[in-house]
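The values are calculated or read from the model by the stated rules, or taken from the named source; none is laboratory data. Just so you know, these numbers come straight off a predicted model, no measurement behind them. No Cβ is skipped: glycine too gets one built from the backbone with ideal geometry, and neighbour counts run over all protein chains shown.
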Amino acid sequence: MQGGSTELRAFAAAIAFLTRVPIGRAVELDAADVGRGAALFPLVGAGVGLVVGGVTVGLRGPLTPALAAVLGLAAGAVVTGVLHLDALADTADALGAATRERALEIMRDHSVGAYGAVALVLDLGAKAVALATLAGRPHFLAYVVCAAAAGRVAPVLLSAALPYARAGGGLGRALGQTGWARCAVAFALAAAICLAVAGRNGAILFAVAVALSVAAIPVARRWLGGITGDVLGATVELSELAALVAAVALT
């Protein structure tokens, strides 16, 4: 695809950045491709949601809803390589730091501390309960797809609104050239997906996920002076969870 279109390279970069689908092995991608691909993050997120929801609903018959939900989340973790879960744990651990510099150091450390472990348990537990609750209700798959798509707006929005907080490189720096135009495309794409699959309720789920992402902007600015890859991933997790909780409340 080296000589292929810019759009195809951008889509490939979005898939390679957000998942463990081995498309990057066959395509030479760079940071510019990832920046352009950020606009398509909600589309990749919808695919991840389809995997999680599809496994959950497929196993709901022979298994209990709770066990089906756990296995659905496991399938999603395999597809994404626990990218956002790892980011959530690192960000939670960094909350206990006394200074900005120490927080950034903790995020570099791959070990999981007490804050990170609790954050993972609460996040996955809440998601499992939400999926198990929704699994027996109408439009289950639509809500899961919508939540996953809307949650992937978070890294695009935060990257457009805030500078990268580290002096060196990192995953988050690849999105440094995202810009507001691509952010607008990501917004429109996520909104279109949510409206198409879940109608008015989809619009509400989208609004909830985006509201959490917007709320993260001043928090990250005051705390770190910008964003890191961990902050972006953690916001994806929390935005998606917020949308799933909203779906439970709506149904």
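Can you name every one of the helices (runs of 4 or more DSSP H) wholly within segment 86-155 that holds 1 or more residues which are under 21 Å from Leu250 (Cβ atoms) and touching a residue at least 24 places away in the same chain (Cβ under 8 Å)?
Result: 114-134, 140-151.
Take the conditions (1) at pLDDT 95 or above; (2) in contact with a Pro (Cβ under 8 Å, 6 or more places away or on another chain); Leu195 misses just one of them, which is (2). Filtering Ala87, Ala94 for residues that are buried (at least 23 other Cβ atoms within 10 Å of the Cβ), under 14 Å from the mean Cα position of the chain (by Cα) and either of a type outside the set (Asp, Glu) or within 24 Å of Ile193 (Cβ to Cβ) (or both) leaves a single hit, Ala87. For Ala103, the stated conditions hold: it is surrounded by 13 or more Cβ atoms within 10 Å (Cβ to Cβ), touching a Leu at 6+ places or on another chain (Cβ under 7 Å) and farther than 30 Å from Ala203 by Cα. Checking the condition touching a helix residue (DSSP H, G or I) at 6+ places or on another chain (Cβ under 7 Å) and over 30 Å from Phe140 (Cα atoms), which residue from Gly45, Gly35, Gly53, Gly72 passes? Residue meeting the stated conditions: Gly35.
Among the candidates Arg102, Arg108, the residue that is at pLDDT below 95 and farther than 17 Å from Gly233 by Cα is uniquely Arg102. When Ala68 is tested against (1) closer than 29 Å to Tyr115 by Cβ; (2) touching a residue at least 12 places away in the same chain (Cβ under 8 Å); (3) part of a helix (DSSP H, G or I), just one condition goes unmet, and that condition is (1). Among the criteria (1) of a type in the set (A, V, I, L, M); (2) touching a Lys or Arg at 6+ places or on another chain (Cβ under 9 Å); (3) modelled with pLDDT under 95, the one Leu171 does not fulfil is (2).
When the criteria are applied in full, Arg9 fails the requirement of being touching a residue at least 24 places away in the same chain (Cβ under 8 Å) and outside any helix (DSSP H, G or I).
In the set (1) at pLDDT 95 or above; (2) more than 16 Å from the chain's Cα centre (by Cα), Glu237 fails one condition alone, (2).
Residue check: Ala198 meets all listed conditions (1) part of a helix (DSSP H, G or I); (2) surrounded by fewer than 21 Cβ atoms within 10 Å (Cβ to Cβ); (3) free of Cβ contacts under 8 Å to residues at least 60 places away in the same chain but one, namely (2). Within segment 48-63, at least one residue is at pLDDT below 95, among the charged types (D, E, K, R) and not in a helix (DSSP H, G or I).
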